[in-house]
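Mind looking over this structure? Questions follow.
The values are calculated or read from the model by the stated rules, or taken from the named source; none is laboratory data. Keep in mind it's a predicted model, so treat the numbers as computed, not measured. Virtual Cβ from ideal backbone geometry, glycine too; neighbours counted across all protein chains shown. The accessibility values were calculated without ligands, DNA or RNA, using every heavy atom of the protein model including side chains. Shrake-Rupley method; radii C 1.70, N 1.55, O 1.52, S 1.80 Å.
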Amino acid sequence: MPRFAANLSMLFTELPFPERFAAAADAGFKGVEYLFPYDWPAQQLAQWLADNGLTQVLFNLPAGDWQAGERGIACLPDRIAAFREDVFMAMEYAQALDCQQVNCLAGLKPDELSSEVAFTTLVENLRFAADLFDAQGLTLTLEAINSRVDMPGFLVDTSATAMAVIEAVGRENIRLQYDLYHMQIMEGDLCRSLSQLCPHIGHIQFADNPGRNEPGSGEIHFDTVFAHIDSLDYAGWVSAEYRPLTDTATSLGWFNATKQEP
């Protein structure tokens, strides 16, 4: 089965954040991710990882004022300076955490901003980040997020849009972050899409739909999808990024079943 990681921003939230590392390791995960590391000193995070034998597989670039509703600033022409400052901070954390990939959230497009200007701004910002990352041996990912349910107005909301941006950026170290939940909402046909996009995918995340809960709670046939991922030439992580319906331990039946397979 795939190499599964736990998203600590959504899983084990019954516990204070520092205790989630041990809980993930005790459950059998070898890798973790979370939305943002910046509220904690990098060396403290590195210690929590080391203490529990965990790999940091991903985190996001700073995404503006999250509490105020911002979901990334990479497409906003009036925030270019802030974005570029954030790239340097993310690089410092990536190096301290030995994290090889950092994801960029494109952001919400204001109604008054043209799609062309937003697209061009995003491409230029990603080139800037990718070039700096390349010098450090890091990979940048770009995620498509559904605009129908979770983030209305999100600029990059389909895999086709994400790939158009990636192709325009034209850098070898930018990859697609493919989220099964978001793409089930926007596109469906997950196995076919995974096959077509696999050469460009750097990271995979998942939750069931509807509800963004654990596998088995909705319409996605995860046994089929996970087996399909196994059949592809994909060596990256597959991260559980869902909201447990009850508690995390109860939600992990899908994961425990994979550990019992021969």
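Between A96 and D247, what is the FRET efficiency for a Förster distance of 41 Å, r being their Cβ-Cβ separation, to the nearest 0.05? Don't skip to the answer; put the middle values down first.
Values: r = 31 Å, r/R0 = 0.76.
After rounding to 0.05, the efficiency reads 0.85.
Please report how far the C-alpha centroid of region 204-239 lies from that of region 142-190, rounded to the nearest whole angstrom.
16 Å
Do any GluC sites (Glu not before Pro) in region 1-66 lie in a DSSP loop with no more than 13 other beta carbon atoms within 10 Å, and if so, which?
E14
By how many nm would the segment from W40 to A235 lengthen if fully extended, with 0.36 nm per residue of separation less the alpha-carbon distance?
Residue separation times 0.36 nm, minus the Cα-Cα distance, leaves 67.3 nm.
Kyte-Doolittle cut-off -1.0, length cut-off 27 Å along the helix's own axis using Cα: show which whole DSSP H helices in the chain pass. Write down the numbers at each step before the final one.
Details: long enough: 115-135 (30 Å, 0.53).
Result, helices passing both filters: 115-135.
Which value in nm describes the separation of the simple spin-label points at D111 and E124, placed 7 Å from the Cα toward the beta carbon?
My value for the distance between the label points is 2.6 nm.
Between T13 and R171, with labels modelled 7 Å along Cα→Cβ, what's the label distance in nm to one decimal, could you check?
With each label point 7 Å from Cα toward Cβ, the separation is 3.2 nm.
Can you tell me the length gained on complete extension of the stretch D131 to M1, counting 0.36 nm per residue apart and subtracting the Cα distance?
My answer for the length gained is 43.5 nm.
Over the chain, average the accessible area per residue using a 1.4 Å probe and give it in Å², no decimals.
That works out to 43 Å² per residue.
Rounded to the nearest 500, what is the 222 nm mean residue ellipticity of the chain from helices alone, with -39500 (n - 2.57) per DSSP H run of 4+ residues and division by all residues?
-12500 deg cm²/dmol
Roughly speaking, to the nearest percent, how much of region 3-259's 1.4 Å accessible area is carbon and sulfur?
Carbon and sulfur: 49 percent of the exposed surface of region 3-259.
Given a Förster distance of 41 angstrom, what is the FRET efficiency for E85 paired with D150, based on the Cβ-Cβ distance and rounded to 0.05?
Rounded to the nearest 0.05, the efficiency is 0.90.
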